[in-house]
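K.L.:
Mind having a look at this structure? Questions to follow.
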Amino acid sequence: MNILHISAECYPVAKVGGLADVVGALPNYQKKTGINSKVIMPFYNTPFSEKKSFDEIYKSNLKLGDSYFNFRVLKLKNSTLGFDLICIDIPELLYKKQIYTEADTERFLAFQIALLDWVLSSEKKPDLLHVHDHHTGLIPFMTSQCFKYNELKNIPSVLTIHNAQYQGWFSHEKISLLPSFELKNIGLLDWNGNINPLAAAIKCAWRVTTVSPSYMEELQKEANGLEALLTHENKKCKGILNGIDWNVWNPETDGKLIKNYKKATVISGKKENKKWLCTKFNLDVKKPLFCFVGRLVGEKGADLFPEIFEKSLQENNISILLLGTGQSETEQALKKLNHNKNYNSFIGYDETLAHIFYAGADFLIMPSRVEPCGLNQLYALRYGTVPVVNSIGGLKDTVVDICNEGYGICHEGVSVEKVTTAIARANEFYSEKKEFQKNSKKIMTFDYSWDNSAKEYVNLYQSLKQ
Ligand code: ADP
Ligand code: GLC
């Protein structure tokens, strides 16, 4: 079977968050089951694409509304990613350093139209189109409804919702940007008076998945306005837990770490990474180190961090270290906390540092209000670091509290009080040194690799085979 994964991000080509990690890993695990997956994404001006060479395999120009744009389809030469990478280069629209911009409606529409044009022109068509999130959500609509793509009508499409908060809606005034279709079917595009690419994909894709079973359930109650639609389409929806790339995220071989380690050497190995972090960020290595890595947005509970951190540092003898970027008010408030000698932060994006954080931290905090899956807690477990999480979405599916014979610290709901209480419980756990160290060894052995989940996707693809 030939699968085309269509996405705005893919690690290591272009990454903002977990979507990139998933799209960069899943194809390789699907390959192990005999499935041939390719990834197709926009061509951005990233360090990866600047260093690599590409072959031009197609070029054309197309109409977007009243104007035309030129595009090229590029294939990565000598791909070492494990799968074929195809990029759509639209110089006027996509050749940018940022993956997401203010003009995303036009950019991603042009990307989707261009890639379908290429698929249409290809001799060998994919057996299935797997679209990820709203940026690629108009594809199931276009293949099933637009006259131009009639030939692609019978190719099954699967939508994976990584995050339903973002839906990419735009005004009906922009309807002329889409290739023509039977106007009586316009309802398939609409949700609450706007064109909503995520809603359109939920309606038109043959199957819909989310990145954890609990998130699938939660979406029926809270989906940023799409609850009724998801409840209505429930029968074609399924939650499949994300995995992690076992090769990239392996403390034994991870080239980004200060010191590599495995289960037998986890205590000394983590110590070296912690020492490096504490020296770099001026923290006391003897205190338990609580870290956060991620986007500084409300979904991650980041607006509460300044208060949570201040209170936790007052009430506990701990250090807190943060790596993140996001909303500027939160960034500013966090920078102000730097006067506290037990706190420090790196406001920015740094892939290498993130790996050292997972390895050097004693605890990784994730007080997310929404977490469709979350990969950071899985990286933490793999690196012997105890996750402290709000029990929702994928966090609920992957972290069990030590009070329930588990291995992490969980709280129910997000407030300054609840998170500081969880941090205090974690601090107590740290003081039971033997138990704590035994736990670190145990969690490193959990298999959250993609092997199982990749098979679930393959079963789903097989069920759609014509
Ligand atoms: P989300 O996709 O919602 O941001 P995930 O937990 O699924 O959350 O994935 C986040 C990914 O992005 C992880 O690989 C994490 O290490 C990475 N990441 C997030 N913020 C940063 C940052 N500031 N620097 C480096 N890596 C980051
Ligand atoms: C989204 C979600 C995150 C998930 C990631 C990969 O960004 O916010 O929870 O892990 O996608 O599926």
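The values are calculated or read from the model by the stated rules, or taken from the named source; none is laboratory data. These numbers were taken from a predicted model, which means no experiment stands behind them. Glycine gets a Cβ as well: all are built from the backbone with ideal geometry, and neighbour counts include every protein chain shown. Heads up: the accessible areas ignore ligands, DNA and RNA and are worked out on the full protein's heavy atoms, side chains in. Shrake-Rupley method; radii C 1.70, N 1.55, O 1.52, S 1.80 Å.
K.L.:
For Lys203, work out the one condition from (1) more than 28 Å from Val297 (Cβ to Cβ); (2) among the basic types (Lys, Arg); (3) out of contact with any strand residue (DSSP E or B) (no Cβ under 8 Å at 6 or more places or on another chain) it doesn't fulfil.
P.N.:
Checking Lys203 against (1) more than 28 Å from Val297 (Cβ to Cβ); (2) among the basic types (Lys, Arg); (3) out of contact with any strand residue (DSSP E or B) (no Cβ under 8 Å at 6 or more places or on another chain), the one that fails is (1).
K.L.:
Right, here's the next one. Any idea how many residues of the stretch 94-131 are within 21 Å of Asn45 (Cα to Cα) and either touching a residue at least 60 places away in the same chain (Cβ under 8 Å) or assigned to a helix (DSSP H, G or I) (or both)?
P.N.:
Selection size over the stretch 94-131: 15.
Residue by residue, here is whether (1) more than 16 Å from ligand 2 (Cβ to nearest atom); (2) of a type in the set (Val, Ile, Thr) holds:
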| residue | (1), (2) |
| --- | --- |
| Leu152 | yes, no |
| Ile155 | yes, yes |
| Trp169 | yes, no |
| Glu222 | no, no |
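K.L.:
Does any residue of the stretch 63-77 turn out to be in the same structural domain as Gln167 (by TED's automatic domain parsing), more than 19 Å from Pro179 (Cβ to Cβ) and β-branched (Val, Ile, Thr)?
P.N.:
No; the residues of the stretch 63-77 include none that is in the same structural domain as Gln167 (by TED's automatic domain parsing), more than 19 Å from Pro179 (Cβ to Cβ) and β-branched (Val, Ile, Thr).
K.L.:
State whether one or more residues within the stretch 416-435 are within 16 Å of ligand 1 (Cβ to nearest atom) and of a type in the set (Ser, Thr, Tyr).
P.N.:
no
K.L.:
Among the residues of the stretch 118-132, write down those that are within 27 Å of the chain's Cα centre (by Cα) and open to solvent by less than 40 Å² (accessible area, probe 1.4 Å).
P.N.:
Once the filter is applied, which keeps residues that are within 27 Å of the chain's Cα centre (by Cα) and open to solvent by less than 40 Å² (accessible area, probe 1.4 Å), the stretch 118-132 yields Trp118, Val119, Pro126, Leu128, Leu129, His130, Val131, His132.
K.L.:
In the stretch 329-341, how many residues are among the small types (Gly, Ala, Ser) and either within 15 Å of ligand 2 (Cβ to nearest atom) or open to solvent by less than 10 Å² (accessible area, probe 1.4 Å) (or both)?
P.N.:
Total satisfying the criteria: 0.
K.L.:
Here is a follow-up. Do any strands (runs of 3 or more DSSP E) lying entirely in the stretch 1-71 carry at least 3 residues that are of a type outside the set (A, V, I, L, M), crowded, with 24+ Cβ neighbours inside 10 Å and touching a residue at least 60 places away in the same chain (Cβ under 8 Å), and which ones are they?
P.N.:
Passing ranges: none, list empty.
K.L.:
Considering only helices (runs of 4 or more DSSP H) fully contained in the stretch 148-251, which possess at least 2 residues that are surrounded by fewer than 21 Cβ atoms within 10 Å (Cβ to Cβ)?
P.N.:
In the stretch 148-251, 213-219, 227-232 are the helices (runs of 4 or more DSSP H) which contain 2 or more residues that are surrounded by fewer than 21 Cβ atoms within 10 Å (Cβ to Cβ).
K.L.:
Would you tally the residues in the stretch 52-110 being farther than 19 Å from His135 by Cα, modelled with pLDDT under 95 and touching a helix residue (DSSP H, G or I) at 6+ places or on another chain (Cβ under 6 Å)?
P.N.:
Qualifying residue count for the region: 0.
K.L.:
With the structure loaded, tell me whether Gly301 is in contact with a Lys or Arg (Cβ under 7 Å, 6 or more places away or on another chain), in the same structural domain as Ile347 (by TED's automatic domain parsing) and farther than 22 Å from Glu428 by Cβ or whether it fails that test.
P.N.:
no
K.L.:
For the stretch 132-147, which residues satisfy the criterion of being within 14 Å of Arg207 (Cα to Cα) and either within 16 Å of ligand 1 (Cβ to nearest atom) or not in a loop (DSSP other than H, G, I, E, B) (or both)?
P.N.:
Answer for the stretch 132-147, where residues must be within 14 Å of Arg207 (Cα to Cα) and either within 16 Å of ligand 1 (Cβ to nearest atom) or not in a loop (DSSP other than H, G, I, E, B) (or both): His132, Asp133, Ile139, Pro140, Phe141, Ser144.
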